[in-house]
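Take a look at the structure below.
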Amino acid sequence: MSNKFSQSLYEEAVKYIPGGVNSPVRAFKSVASTPVFIQRASGSKIYDVEGREYIDYVSSWGPMILGHSHPAVVAAIQAAAERGTSYGAPTELEIEMAKMIVEAFPSVDMVRMVSSGTEATMSAIRLARGFTGRDKIVKFEGCYHGHSDSLLAKAGSGIATLGIPGSPGVPRALAELTITLPFNDAEAVKTAVDAYGEEIACIIVEPVAGNMGVVLPTEGFLKMLRDITRRYGILLIFDEVITGFRLTYGGFQNISGISPDLTCLGKIIGGGLPVGAFGGRKDIMEKLAPAGSVYQAGTLSGNPLAMSAGIETLKILKKNIGEYEILDRRTSLLCKELQLLFDGRDIPVRTNRAGSMFTIFFTSEAVIDFSSAAQSNTELYGRYFRGILARGISLAPSQFEASFLSFAHTDEDMEKTLDACRLTLKNW
Ligand SMILES: *Cc1c(COP(=O)(O)O)cnc(C)c1O
């Protein structure tokens, strides 16, 4: 595929921006390619700088559940901009947004808005530490919670050992406070909590993992986390930055019936603008400044443009709550058909799906955690990615990400996607 204009923009971008991109996975490194530069997007489609059209499954990494540039969301942003873009003072919009989140999440009594998912998780962890007076935290391998220092730690040499920095620049002393365990491994959690229970402030988890590719929690795993955290006075944090309003109007906690103490949100609740939020039990949230003493702040937090885009998005989702089931069925059908195409060519793949998010792993074994996901053949994924991209389908440029359907995706889009896959596999 020739994409000369994108190629030349990339060559210019790398002169001024590290790696040419403002977030690493956009760089197409892991699919042995260079990024397509985008000019515009509408509905289920995204268009590159040469005007080429793609059916988009990246969905800006999750937010665009209504499709791109939804007219009502665009109108809400425009109307808000005409009233001013930021005041640094409270607005009614923030109350409306907070109420919508509180109503949608039974475990959330109060909520604080921030400007990214990273800020949401970072602040929720500070709050958990401040509330419990404990320093250690537990996270799971392959779960991503943004790029704050405490969360860029990785597992040490054994289960329940102290963490090590996951990136240069993360202080060892901080990484040591993060215990990283295998996802879906109840025994590992018990071992860690046995060893450090009284020192652990919180366990943070993506209730459905989306950042090692889609990995579902095994039966009873979340319940086990809920029970053990209660027993030891540890706060349970659900990072629903992806799953919030993705699987239903609310979070995976509404589906699983497991209530965390704190919930982190982002992506969909910003309707495509930079937003995050964290909320939970009133007695915990009231420890936050200025009500309490745990400090947290943001110049653009609760920004009127972002609130307007988010509120409009949530309103539309609420009005069309029945559509989630249709989206689920459509995604299920697409996944089944794609799996059949691979099966027909004897290419071993495993499809994991939760509602409208899915990943096709290039492996023959079930994917239940990071180490099984890591068995995937990333070279084959790269080949598939490049083949299907050349035929007008935009997937995440990494094996370890989710694909997302939106309410704007049509049956025709599904057919075109299957045709593109068929043609790609024909020339395999
Ligand atoms: C995207 C994501 C984040 C980080 O959000 P940003 O807005 O990129 O900072 C945190 N947690 C999860 C589960 C995410 O998918």
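Think of region 71-319 as having a plus end and a minus end, set by charges on the Cβ of Lys, Arg, Asp and Glu; of LEU177, ILE284, GLY133, ILE284 sits farthest toward the positive end of this dipole. Over region 30-171, what is the relative contact order in percent, taking alpha-carbon pairs closer than 8 angstrom and at least six residues apart? Relative contact order of region 30-171: 10 percent. If you run the Gaussian network model on the chain, springs between alpha carbon atoms under 10 Å, then out of CYS143, CYS202, CYS335 the most flexible one is CYS335.
Select from PRO397, PRO217, PRO168 the residue whose mean-square fluctuation is largest in a Gaussian network model of the chain (Cα-Cα springs shorter than 10 Å). Of the options given, PRO168 has the highest mean-square fluctuation.
In percent, rounded to a whole number, the relative contact order of the chain is 22, using alpha-carbon pairs under 8 Å and six or more apart. In a fully extended conformation the segment linking THR299 and ILE255 would gain 12.4 nm over its present Cα-Cα distance, using 0.36 nm per residue. LYS4 to VAL102: FRET efficiency via 1/(1 + (r/R0)^6), r the Cβ-Cβ distance, R0 45 Å, to the nearest 0.05? According to the calculation, E is roughly 0.35.
Full extension of the chain between ILE95 and SER371 yields a length gain of 95.1 nm, computed as 0.36 nm times the residue separation minus the alpha carbon distance.
Heavy-atom accessible surface of region 71-319, averaged per residue, reaches 39 Å², computed with a 1.4 Å probe.
Normalised per residue, the accessible area of region 348-423 is 38 Å², obtained with a 1.4 Å probe and no contribution from ligands, DNA or RNA. Using the rule -39500 (n - 2.57) for each DSSP H run of four or more residues, divided by the residues of the chain, the 222 nm mean residue ellipticity is -11500 deg cm²/dmol.
Close amide H pairs (under 5 Å, H built 1.01 Å from N) link GLY298 with no residue at least 5 positions away or on another chain. In this label model, GLU82 and GLU12 are separated by 3.4 nm, measuring between points 7 Å along each Cα→Cβ vector. Considering only GluC sites (Glu not before Pro) in DSSP loops that have at most 14 other Cβ atoms within 10 Å, the longest stretch of the chain without any of them is 51-218. Suppose every Lys and Arg Cβ carries +1 and every Asp and Glu Cβ carries -1, with no other charges. What dipole size does the chain come out with about its Cα centre, to the nearest 20 debye? Around 300 debye, computed over the chain. Binning all Cα-Cα separations of the chain at 10 Å, short to long from zero, yields these whole-percent fractions: 5, 21, 31, 27, 13, 2, 0. Its relative contact order, with pairs defined as Cα atoms under 8 Å and 6+ residues apart, puts region 247-336 at 29 percent. Taken about its Cα centre, region 71-319 carries a charge dipole of about 160 debye when Lys and Arg each add +1 at the Cβ and Asp and Glu each add -1 at the Cβ.
Here the chain carries DSSP beta bridges of which approximately 60% are antiparallel, counting only pairs with both residues inside. With the cut-off at under 15 Å, measuring from each backbone N in region 377-406 to a point 7 Å along the Cα-to-Cβ line of ARG345 picks out 377-393.
Over the chain, with a Gaussian network built from C-alpha contacts below 10 Å, which listed residue (LEU174, LEU273, LEU225) shows the highest mean-square fluctuation? Of the options given, LEU174 has the highest mean-square fluctuation. Between TYR54, THR410, VAL21, the Cα set farthest toward the positive side of the dipole of the chain (charges on each charged residue's Cβ, about the Cα centre) is that of VAL21. One Cα centroid belongs to region 239-287, the other to region 290-313; the line between them spans 14 Å.
In a fully extended conformation the segment linking GLU337 and SER42 would gain 103.6 nm over its present Cα-Cα distance, using 0.36 nm per residue. Farthest towards the positive end of the charge dipole of the chain, among the residues LEU9, ILE164, MET100, is the Cα of LEU9, using unit charges on the Cβ of Lys, Arg, Asp and Glu. For the chain, the carbon plus sulfur part of the accessible surface works out to 52%, probe radius 1.4 Å. Calculated FRET efficiency, ASP419 to ALA186, Cβ-Cβ distance, R0 = 60 Å: about 0.90 to the nearest 0.05.
Listed values for region 4-11 are Karplus-derived 3J(HN,Hα) couplings in whole Hz (6.51 cos²θ - 1.76 cosθ + 1.60, θ = phi - 60°), namely 4, 5, 4, 4, 6, 5, 4, 4, and x replaces Gly and Pro. The distance from the alpha carbon centre of region 363-386 to that of region 1-62 is 23 Å, rounded to a whole number.
Close Lys pairs in region 71-319, defined as Cα atoms under 25 Å apart and 8 or more places apart or on different chains, number 28.
The values are calculated or read from the model by the stated rules, or taken from the named source; none is laboratory data. Quick caveat: nothing in here was measured; it's all calculated off a predicted structure. Backbone-built Cβ (ideal geometry, glycine too); neighbour counts: all protein chains shown. Accessible surface is based on the protein model in full, side chains and every heavy atom, while ligands, DNA and RNA are left aside. Shrake-Rupley method; radii C 1.70, N 1.55, O 1.52, S 1.80 Å.
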